[in-house]
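No lab work stands behind these numbers, since they all come straight from the coordinates. Source: prediction; values computed, not measured. Methodologically, a virtual Cβ is constructed for each residue, glycine included, from the backbone with ideal geometry; neighbour enumeration extends over all protein chains shown.
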Amino acid sequence: MLNQNIKTIRKSKGLSQEEFAIKLNVVRQTISKWETGLSVPDSEMLVSISEALETPVSTLLRENISESKVDDLKAISEKLEIINFQLLQRRNARRKLIHWLLISLCAITILIFISLILFNSPYLNWDYNNPENAVLGVAFHAFEWGFVRLAPIILILSIIGIVWTRKKG
């Protein structure tokens, strides 16, 4: 099943065992063993095979693919290539959005931190005999207390996220 499908699709793509092996960064004998059924690729390699053959893993694992379905396979492969390209674009757009949101979060965190330093807790000088001032002062103090403790964690995680979502290449 899997061995025949790999062989059939590889041949339909016009790849020799040697060329296919180079694409997967394995030796030709490995390809031969897969195609003769002497060994089976692991799941990670199966994904690499599907990418190299531009064929979904589910197709590789189906019942035998006949030679007559090569044209159908090409059409499906072309459609999947378009879908994969669209998914890649969507993934890149999402990564870019997250990247800029994390940069904004860092900037906002730093601005709040600077403003807290510049204003130097003005609520400490308020008249707390007035109940409204007392409630507002406690709210400001709670925000400042929580923010000062969370800001370093927010900054560190945001910077890690920025590095992780940066464009590679």
Quiz item: Any idea how far apart MET1 and TRP145 come out in nm if each label point goes 7 Å out from Cα toward Cβ?
Solution: 6.3 nm
Practice problem: Could you calculate the FRET efficiency of GLU51 with VAL163 from 1/(1 + (r/R0)^6), where r is the beta carbon distance between them and R0 is 25 Å, rounded to 0.05? | Solution: 0.45
Exercise. Per DSSP H run of at least 4 residues, take -39500 (n - 2.57); add these up for the chain, divide by its residues and hand me the 222 nm value, nearest 500 deg cm²/dmol.
Key: -25500 deg cm²/dmol
Quiz item: Are any of the pairs LYS33/LYS167; LYS33/LYS96; LYS23/LYS167 more than 32 Å apart by Cα-Cα distance, and if so, which?
Solution: LYS33/LYS167; LYS33/LYS96
Self-check item: Cα pair distances exceeding 24 angstrom across the chain, given as percent
Solution: 61 percent
Quiz prompt | Whether segment 2-65 is rounded, prolate or oblate, judged on the alpha carbon gyration tensor where a/c under 1.5 counts as rounded | solution = rounded
Practice problem: Measure off 7 Å from each Cα along the Cα-to-Cβ vector at LYS96 and LEU116, then give the distance between these two points in nanometres to one decimal. | Solution: 3.4 nm
Quiz item: Taking the alpha-carbon centroid of each part, what is the distance from segment 102-157 to segment 5-63 in angstrom?
Solution: 59 Å
Practice problem: Quick one: angle between helix 43-52 and the longest Cα principal axis of the chain, in degrees between 0 and 90, rounded to 10, please. | Solution: 70 degrees
